[in-house]
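The values are calculated or read from the model by the stated rules, or taken from the named source; none is laboratory data. None of these values were measured; they are calculated from a predicted model. Please note: Cβ atoms are built from the backbone with ideal geometry, for glycine as well, and neighbour counts cover all protein chains shown.
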């Protein structure tokens with residue numbers, strides 16, 4: 001298993017460092033104070049200008065990158081993880097010639113970082129600097145799980161690999177509420193162990209492409225054939241041409257993959273029409289450009305119990321918010337399809353009404369308003 005690890009905020013306690021040293025710097029200046037503990041950057045914490053922030057980092061960056069020790073048990077846990085046959089990838093945005101480092105440090109940021117890792121007994125297999133898109137990096141390098149704290153990076157990682165969020169006030173975003181959150185290095189160790197089933201079976205949730213369409217349709221038919229109550233699942237409409245057009249129109253389809261086999265999917269639509277029944281039932285005709293629909297989903301019967309539908313829904317929400325100005329996500333579910341209904345309710349959807357749709361079949365219309 002390939003495990004990606006961030007440095008600042010994960011291997012070290014940068015957040016606490018910023019509060020401690022930033023407050024000290026304010027006293028030294030005789031102005032400013034700690035204003036907001038729920039943010040990532042020192043400029044927002046203390047309401048500094050960039051010029052003041054540069055002065056702070058020019059003075060105290062060395063304390064962070066040279067003298068601040070690693071978090072408790074980081075080295076110990078990483079050694080245990082490596083001994084169990086896993087590969088450790090240090091993945092950081094740090095780079096040489098970074099202007100947020102002092103002149104004495106900026107030309108050798110990478111060397112200073114490598115020395116800090118050595119001094120703190122952090123063992124690893126590979127280290128990568130100047131990584132600006134950690135989601136793409138994880139996807140391209142086959143990273144199985146990334147441990148990260150920065151909300152901007154987390155947004156990009158979601159959908160490309162598993163992510164563990166090292167908990168801080170600034171990353172407690174509502175859209176991350178269903179993701180794995182960690183609080184210490186031994187907590188990381190425990191939760192990596194719990195992920196063994198999924199990662200051991202190589203379950204990943206990724207964006208589908210046109211080459212996946214036939215496999216998605218085969219799984220759709222397999223799930224339908226297995227159902228005792230066929231009226232619970234709408235088999236018509238989602239055909240090859242529909243999916244091809246959806247992807248050509250920048251639509252979003254997610255796939256859950258295990259050992260190169262598609263074991264689940266979620267189809268969304270973001271180009272809805274005012275005369276779509278679900279839009280008319282919800283009276284959202286005037287908000288049509290801000291609506292997306294959870295159109296169809298299925299999970300292979302052999303992989304149920306892993307909350308894959310919920311995970312795909314949460315990832316789809318993040319992807320839709322990243323790509324489009326979405327305000328409402330809508331969908332339908334049969335009133336007696338308790339498993340799917342529970343997944344939707346757990347993800348924050350509400351049942352608005354029950355209607356007849358799809359050739360007079362019962363359906364609950366569900367809705368989630370995005371704040």
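If the condition is being closer than 22 Å to residue 157 by Cα, in contact with a strand residue (DSSP E or B) (Cβ under 7 Å, 6 or more places away or on another chain) and at pLDDT 90 or above, then the range 298-310 contributes only 309.
For the range 276-292, how many residues are out of contact with any strand residue (DSSP E or B) (no Cβ under 7 Å at 6 or more places or on another chain), in a helix (DSSP H, G or I) and closer than 21 Å to residue 252 by Cβ? Residues meeting the conditions: 2. For residue 31, the test of being exposed (fewer than 13 other Cβ atoms within 10 Å of the Cβ), modelled with pLDDT under 95 and within 23 Å of residue 109 (Cβ to Cβ) is failed. Against the test of being loosely packed, with under 15 Cβ neighbours inside 10 Å and in contact with a helix residue (DSSP H, G or I) (Cβ under 7 Å, 6 or more places away or on another chain), the options 121, 107, 126 yield a single qualifying residue, 121. Taking the listed residues 336, 306, 318, the one that is crowded, with 16+ Cβ neighbours inside 10 Å and in a loop (DSSP other than H, G, I, E, B) is 306, with no other qualifying. Residues that are under 18 Å from residue 238 (Cβ atoms) and surrounded by 14 or more Cβ atoms within 10 Å (Cβ to Cβ): does the range 321-328 have at least one? No. Of everything in the range 265-312, what is on the phi > 0 side of the Ramachandran plot and touching a residue at least 12 places away in the same chain (Cβ under 8 Å)? Give them in sequence order. Scanning the range 265-312 gives a single hit, 307.
One residue stands out among those in the range 246-275 that are surrounded by fewer than 16 Cβ atoms within 10 Å (Cβ to Cβ) and assigned to a loop (DSSP other than H, G, I, E, B): the one that is farthest from the chain's Cα centre (by Cα), which is 275. Sort out which residues of the range 75-104 are crowded, with 17+ Cβ neighbours inside 10 Å, assigned to a helix (DSSP H, G or I) and in contact with a strand residue (DSSP E or B) (Cβ under 9 Å, 6 or more places away or on another chain), and write them in order of number. If the condition is that a residue be crowded, with 17+ Cβ neighbours inside 10 Å, assigned to a helix (DSSP H, G or I) and in contact with a strand residue (DSSP E or B) (Cβ under 9 Å, 6 or more places away or on another chain), then 78, 81 are the ones that fit.
Checking the range 185-203 against the condition returns no match, with no residue being in contact with a strand residue (DSSP E or B) (Cβ under 8 Å, 6 or more places away or on another chain), modelled with pLDDT under 90, within 30 Å of residue 13 (Cα to Cα) and part of a strand (DSSP E or B).
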